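K.L.:
First, the structure itself, so that you have it in front of you.
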Ligand SMILES: [Zn+2]
């Protein structure tokens, strides 16, 4: 069964436990293994994407990403 809080880094496949932090769409985090900047791109189900792959649709605002798609 899939553990909702456990995600894999899209860059290095490392396991990242999101269950103890607020994982909302736009939340930025760093992979503890490869140090890739990741962003929560979906919350149901939880999905992580490398920041660079979506940076043309989103803009960084502090530690949050805002969608520029409008
Ligand atoms: Zn990684």
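K.L.:
Every residue in region 1-41 that is buried (at least 16 other Cβ atoms within 10 Å of the Cβ) and over 18 Å from residue 51 (Cβ atoms), please.
P.N.:
Result: no residue meets the conditions.
K.L.:
Considering only region 3-55, give the strands (runs of 3 or more DSSP E) lying wholly within it that have at least 2 residues that are touching a residue at least 12 places away in the same chain (Cβ under 8 Å) and more than 10 Å from the ligand (Cβ to nearest atom).
P.N.:
The strands (runs of 3 or more DSSP E) meeting that bar are 6-8, 28-30, 37-43, 46-50.
No value in this document is a laboratory result; all are computed from the given coordinates. Nothing here was measured: the structure is a model prediction, and the numbers come from that model. Don't worry about glycine lacking a Cβ; one is built from the backbone with ideal geometry, like all the others, and counts go over all protein chains shown.
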